[in-house]
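Take a look at the structure below.
We did not get these values from a lab; they are worked out from the coordinates using the rules stated. Since this is a predicted model, take the numbers as computed values, not measurements. Cβ placement follows ideal geometry from the backbone for every residue including glycine, while neighbour counts extend to all protein chains displayed.
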Amino acid sequence: MNAQLDNPCATPDGPTADQAGAYSYSDEIPTLENFTPVVFNVFFWGINKSDGTSQYPLTENTVLSAVSKLNIQFNPFGIFFKYYGMDFFDSDTYYIIDRGLGELDGGPNDPGVYVYAASNNYKKADAFNIYVPYSTEGFAGAAELKNKVNIAINGFSLINSYSLLSHEIGHCFNLGHTFDGFRSPDPYCEHVTRDETDPDYNAALRGDRITDTAAVPDFKNEHFWELIDLGYTYQQALAMYIPYKYVDPVTYEYTGTGTDCLDPPVDYDISPTDVKNTMGYGPAAPPYAKKFTTGQKIRIHESIEIDYFGEFGTATTTFAALYEPYKGSYPPYYPHPQPWPMPMFQPGFTYDFIECCCEYIQPAAYGDLTFSVDPSHVVKHVDKFMTIYSSIYHPNHSAIVIHEIDQAFGTSSYQKCYDNYQTPPVLGGRVVRFNDNIFNENVTITPKDSTEITDPHLIENLDTGLYKIETNYGNGVDEETVIYKTGN
């Protein structure tokens, strides 16, 4: 098989025309601010070999990091993701997904990973499903189809890229590549002008149909297509081309001489921000440097409302879910048994755990605001960039503030007060009498149940002598008290 141009994304186009009247094509901030924030569940599937092994197995830390990156990218415009869990399935076929063999989207001899997963119950109907093979051939990530909620992305990219998963989620929300149609002839390519009074203005109709993204080329492969236009064969151009040849790797300035398809052509007007758009093929950039434009954010929200295939609605959850731990539980008393699986919260949010009162043995229900808080006393602060995930738990005597949610709704909210002063239950114990009134082996041991060992008259009912009273607590702690009874 001849070598093929290797692109990071393999998302198919899906429905090519927008539904009439469905999209506003706005790029105005007030329009964006009118949308209601929304939360989606996201579930991860690690794909192992048929024997259950993987050269690089998917881990909880990896998927938590991925969800964190999504929230940091999407939260500023009201899109939130709840980590819904992870699981594995075993398949030699999909351990390395080869697009050319039909293992991604399907072919004559293969249903493709999405159909295979769905037909074998490796799909959550109420979540975005992220399939993570060890590796891929011919792509790094792909959405199943625009307006659907399934994605395949290789493990290396899930770990190391700060933008590829966001890029594929963008496709799920019906965003195109910023360079869509850049090789098409007039009138099918996107024109450079952004002057709506210009007869050549077509930003809402061509390219990615986003009015505040510039008309741009495929930055990664522009030189390849330049060589093709010069008469080189596909294989010659593939061997000769320089990826990202016309992008300065430091400043992200576009250094090429590309034009749109008008006659006469108009030179591209490209800024470093355009190069670093999440939906382009720009070179690697610093963490979180790649962004969506206002117009892209609006189209995302409009696509969610349209819900072309009916999959967005079923994948949504409540904001209350973000105040629930993804694993662990709340101790019923303190000190609690060790080790205890504490209530752990997903990274990617800015948390303040604020002192609260009073007496919630388990956290207050979401929306129950009858407890009091002291906002000046932050029991625990967690930054959204925190990478020590074991430290993100809900401490006792505190309520939860998630600042990104407050910012999305323009409010201040304290939720889920947990204020537990319960002590461990007494399970029982025993009274040890030293018969010689010195510490030796000559003892009489009397077991006591929980009522007897806590009897307030226990000591006064003992005969004169040397005793050790042992109390056993439900947290695994044994308390010993030595007394010398001399009289009542």
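Computed quantities for the displayed model
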read-out: Eligible aspartates and glutamates near Lys291 by straight Cα distance, threshold 14 Å, same-chain separation 8 or greater; value: Glu168, Asp212, Asp274
read-out: Extended-chain gain in nm, criterion 0.36 nm per residue less alpha-carbon gap, Asp126 and Ile306; value: 63.0 nm
read-out: Calculated [θ] (222 nm, deg cm²/dmol) that DSSP helices of n ≥ 4 give over the chain, each run adding -39,500 (n - 2.57); value: -5000 deg cm²/dmol
read-out: Selection from Ile298, Leu322, His377 lying farthest towards where the dipole of region 286-394 points positive, charges on Cβ; value: Ile298
read-out: Rounded if a/c under 1.5, otherwise prolate or oblate - region 320-418, Cα gyration tensor axes; value: oblate
read-out: Angle in degrees between helix 294-306 and the longest Cα principal axis of the chain, rounded to the nearest 10; value: 70 degrees
read-out: For the chain: relative contact order, % (alpha-carbon pairs under 8 angstrom, 6 or more apart); value: 13 percent
read-out: Ranked Leu238, Leu145, criterion: other C-beta atoms within 10 Å, fewest first; value: Leu238, Leu145
read-out: Dipole magnitude of region 426-485, debye to nearest 20 (Cβ charges: Lys/Arg +1, Asp/Glu -1, about Cα centre); value: 60 debye
read-out: Correct option for Kirkwood radius over Cα pairs in Å [calculated from the coordinates] among [x] 25.3; [y] 26.5; [z] 28.1; value: [y]
read-out: Partners for Lys327 among aspartates and glutamates (Cα-Cα distance below 12 Å; same-chain residues under 8 apart left out); value: Glu60
read-out: Out-of-range pairs (alpha-carbon distance over 25 Å; input Lys124/Lys416; Lys82/Lys220; Lys290/Lys380; Lys69/Lys148; Lys384/Lys416); value: Lys124/Lys416; Lys82/Lys220; Lys290/Lys380
read-out: Net charge dipole size for the chain [Lys, Arg +1 and Asp, Glu -1 on Cβ; Debye, nearest 20]; value: 1000 debye
read-out: Sorted by Cβ density within 10 Å, fewest first, the residues Ile153, Ile405; value: Ile405, Ile153
read-out: Ser376/Glu460 FRET efficiency (R0 41 Å; Cβ-Cβ; nearest 0.05); value: 0.30
read-out: Neighbourhood charge, 9 Å Cβ-Cβ cut-off, centred on Pro76 and excluding it, Lys, Arg +1 and Asp, Glu -1; value: 0
read-out: Likely footprinting exposure, Thr273, Thr318, fewest C-beta neighbours within 10 Å first; value: Thr318, Thr273
read-out: Whole-number Å³ per residue for the convex hull built on Cα positions in region 179-276; value: 95 Å³
read-out: Listed residue (Tyr25, Asn440, Gln415) projecting farthest to the positive dipole end of the chain, Cβ model; value: Asn440
read-out: Net charge dipole size for region 179-276 [Lys, Arg +1 and Asp, Glu -1 on Cβ; Debye, nearest 20]; value: 480 debye
read-out: Candidate lysines for bridging to Lys485, where Cα separation is under 22 Å - those fewer than 8 sequence places away on the same chain excluded; value: Lys448, Lys468
